[in-house]
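Scroll down for the structure; my scribbles are underneath it.
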Amino acid sequence: MGELLKDKVAVVTGASRGIGEATALTLAQAGADVIVTARNGDELAALAERLARMEVAALPVAADLTREEDVDRLRDAALTRFGRVDILINNAGVGKYGPLSALSAADYDWMMNTNMRSSFLCTSAFLPGMLARRQGWVVFVSSVAGLKGLPNESVYCATKFAQMGFAQALDYETREQGVKVSVVAPGGVGTHFAFGTGRTPGDPALDAMMDAKDVAEAVLFAVTQPPKVRVFLIGMRPMSEPL
């Protein structure tokens, strides 16, 4: 176990797979105790066992983070077990690719609620404690789709632009009270993301994308800056992708 985040408590959303799983493991390697949350309770339990073997405390909480009552339950479980949360990683996200004509209102609600509403609810749940202690880190795992409109990603881009605007406004509100806000905006990452909604398992393009661990290391960089420093935006692209 490392010392960079020793005695820190982190919440990682969307933690059962991909970037979330890699981030939880990376923060634990740095010494943080970790609350992991996602919809899939079995995958979370398996991850919590891996984290516990790393000599940190781990708490799995299965939840649908688009539901206020589930986020309240997550907050209560975290605070009951640890007393506080120092780091919030808003990572839960989904995407569906295709032209606007192929997307429905249900697709819009699914993406906007999962990507943005969950960020709003989780931040609203954990930020007050950080402000009261005048210390904390709120990280949004967003996307380059939140920096530039891209074809066949109109709704997905809208959700990620919303995250970016939310994070920018939050930085204004919290900086003078000691809370740091960061956005990590990766391009293509070779995970299960969007399988069945625009990506296909086995696509050779996945091999050239970044690994989930690469993004997790960027998250760790953001939350381990010196006290006088905050990193607001980390943009990342695999070498196979143009800007």
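Overview of results
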read-out: Index of the failed condition, G93 passing every other in (1) more than 19 Å from S118 (Cβ to Cβ); (2) outside any helix (DSSP H, G or I); value: (1)
read-out: Pairs where the first residue, in segment 205-227, is within 17 Å of G20 (Cβ to Cβ) and the second is of a type in the set (S, T, N, Q) and buried (at least 21 other Cβ atoms within 10 Å of the Cβ), C-beta under 6 Å, 6+ apart; value: A216/T23; A216/T26; V219/T23; L220/T26; A222/S182
read-out: Some residue of segment 2-10 being of a type in the set (V, I, T), under 24 Å from L131 (Cα atoms), open to solvent by less than 30 Å² (accessible area, probe 1.4 Å) and touching a Lys or Arg at 6+ places or on another chain (Cβ under 8 Å); value: yes
read-out: Complete set of residues in segment 85-111 that are open to solvent by less than 40 Å² (accessible area, probe 1.4 Å) and charged (D, E, K, R); value: D86, D107
read-out: Whichever residue in segment 126-155 is of a type in the set (G, A, S) and in a helix (DSSP H, G or I) and, among such residues, is most open to solvent (accessible area, probe 1.4 Å); value: A132
read-out: Every residue from segment 179-197 that is open to solvent by 20 Å² or more (accessible area, probe 1.4 Å) and closer than 17 Å to A10 by Cβ; value: K180
read-out: For E68: the one exception among (1) within 24 Å of A162 (Cα to Cα); (2) open to solvent by less than 30 Å² (accessible area, probe 1.4 Å); (3) not aliphatic (A, V, I, L, M); value: (2)
read-out: Selected residue [within 18 Å of T197 (Cβ to Cβ), open to solvent by less than 40 Å² (accessible area, probe 1.4 Å), modelled with pLDDT of 95 or more and hydroxyl-bearing (S, T, Y)] from T123, T114, T174; value: T114
read-out: Condition check for A46: surrounded by 16 or more Cβ atoms within 10 Å (Cβ to Cβ) and of a type outside the set (D, E, K, R); value: no
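The values are calculated or read from the model by the stated rules, or taken from the named source; none is laboratory data. Keep in mind it's a predicted model, so treat the numbers as computed, not measured. Because the Cβ atoms are built from the backbone with ideal geometry, glycine has one as well, and the counts that use them run over all protein chains shown. SASA here: full protein model, heavy atoms, side chains in, ligands and nucleic acids out. Shrake-Rupley method; radii C 1.70, N 1.55, O 1.52, S 1.80 Å.
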